[in-house]
Amino acid sequence: MQPTIVHVCRHGQVQNPDHILYGRLPGYGLSELGRAMAERLGERFADVPLDHLRVSPLQRAKETLAPIAANHPHLPIVEEPRVIEAANAFEGREFGRFNQKLLLPTNWWYLRNPLRPSWGEPYREIAVRMRAAIADMAASVPAGGQALVVAHQLPIYIARLDAEGRSFVHNPANRECRLASVTSFHVLDGRVVKVTYEEPCADLYPTNTKLFRPGM
């Protein structure tokens, strides 16, 4: 029996010239590069026989899904709140281009316990909601079918760690979940049996690197 596949895509680059930690805030859409990434994802899934589409409620996710959905006009788009960005105590604050202000003494209290993490939604709670969303998407398509959802880096990566039975404790700078990447969960008999990862936009990534920014 072929597994059902749930493709979980991360959104493309966001237009954010003021370097705000935007989290769940409204009004943050894709940059020009982000739109190019979304178009690339549209090309990647143009010939994939998708059976179901879902998306985070946030603007950047919806704009990323648009080119994919355009190639599958027969599929309705379902908004999926369980894959929304993680809640974050720093939401709406500006830390500078390289997040240097994050390390000011006034922020230390929020950074006291990276294992939970202390600055926002606990990893275990993220895992529970993502696990349920992925299971529902897998159940929504025929056995061996494929569903797709656009979500956000931390929830996607926690879902992967959960599915692979790994610890949630990790270095945020080392998450394998780059912009417009695709993390695919292969589900058989209601259980994730394999996780695969790809970067269709690898050649589009900016060359600058960023320091750790919690929850993004």
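The values are calculated or read from the model by the stated rules, or taken from the named source; none is laboratory data. This is a predicted model, so every value here is computed, not measured. Cβ: placed from backbone, ideal geometry, glycine included. Neighbour counts: every protein chain shown. The protein model used for the area step is the full one, side chains on, heavy atoms only, and it has no ligands, DNA or RNA in it. Shrake-Rupley method; radii C 1.70, N 1.55, O 1.52, S 1.80 Å.
Might you check whether a residue that is of a type in the set (D, E, K, R) and either surrounded by 20 or more Cβ atoms within 10 Å (Cβ to Cβ) or touching a residue at least 40 places away in the same chain (Cβ under 8 Å) (or both) occurs anywhere in segment 31-39?
Keep residues of segment 31-39 that are of a type in the set (D, E, K, R), which gives 32, 35, 39.
Still in the running and either surrounded by 20 or more Cβ atoms within 10 Å (Cβ to Cβ) or touching a residue at least 40 places away in the same chain (Cβ under 8 Å) (or both): none.
No, there is no match, as no residue in segment 31-39 is of a type in the set (D, E, K, R) and either surrounded by 20 or more Cβ atoms within 10 Å (Cβ to Cβ) or touching a residue at least 40 places away in the same chain (Cβ under 8 Å) (or both).
One residue is enough: does segment 171-193 have a residue meeting the conditions modelled with pLDDT of 95 or more, part of a strand (DSSP E or B), among the β-branched types (Val, Ile, Thr) and open to solvent by 50 Å² or more (accessible area, probe 1.4 Å)? Yes, there is a match, as at least one residue in segment 171-193 is modelled with pLDDT of 95 or more, part of a strand (DSSP E or B), among the β-branched types (Val, Ile, Thr) and open to solvent by 50 Å² or more (accessible area, probe 1.4 Å). Take the residues of segment 159-170 that are among the aliphatic types (A, V, I, L, M) and touching a residue at least 40 places away in the same chain (Cβ under 8 Å): which is most open to solvent (accessible area, probe 1.4 Å)? That would be 169.
Read through the list (1) open to solvent by 40 Å² or more (accessible area, probe 1.4 Å); (2) not in a helix (DSSP H, G or I), then give the number of the only condition that residue 66 fails. Only one criterion in (1) open to solvent by 40 Å² or more (accessible area, probe 1.4 Å); (2) not in a helix (DSSP H, G or I) is unmet by residue 66, namely (2). Here is a check on your reading of the model: is residue 116 under 23 Å from residue 158 (Cα atoms) and in a loop (DSSP other than H, G, I, E, B)? So residue 116 fits the description; yes. Here are some residues: 160, 191. Which one is over 13 Å from the mean Cα position of the chain (by Cα) and charged (D, E, K, R)? The conditions single out 191.
Restricting to segment 40-56, and then to whatever is surrounded by 24 or more Cβ atoms within 10 Å (Cβ to Cβ) and outside any helix (DSSP H, G or I), can you tell me which residue is farthest from the chain's Cα centre (by Cα)? Can you show your working first?
Of the residues in segment 40-56, the ones surrounded by 24 or more Cβ atoms within 10 Å (Cβ to Cβ) are 41, 54-56.
Restricting the remaining residues to those that are outside any helix (DSSP H, G or I) gives 54-56.
Numbers: 54: 12, 55: 10, 56: 9 Å.
Across segment 40-56, the extreme among qualifying residues is 54.
Out of 33, 50, I need the residue that is modelled with pLDDT of 95 or more, closer than 14 Å to residue 150 by Cβ and among the aliphatic types (A, V, I, L, M). Which one?
Numbers: 33 fails: closer than 14 Å to residue 150 by Cβ.
Matching residue, one of 33, 50: 50.
Residues that are charged (D, E, K, R), over 16 Å from the mean Cα position of the chain (by Cα) and modelled with pLDDT under 95 within segment 194-216 comprise just one, 210. Somewhere in segment 124-133, is a residue open to solvent by less than 70 Å² (accessible area, probe 1.4 Å) and free of Cβ contacts under 8 Å to residues at least 40 places away in the same chain? No, because not a single residue in segment 124-133 is open to solvent by less than 70 Å² (accessible area, probe 1.4 Å) and free of Cβ contacts under 8 Å to residues at least 40 places away in the same chain.
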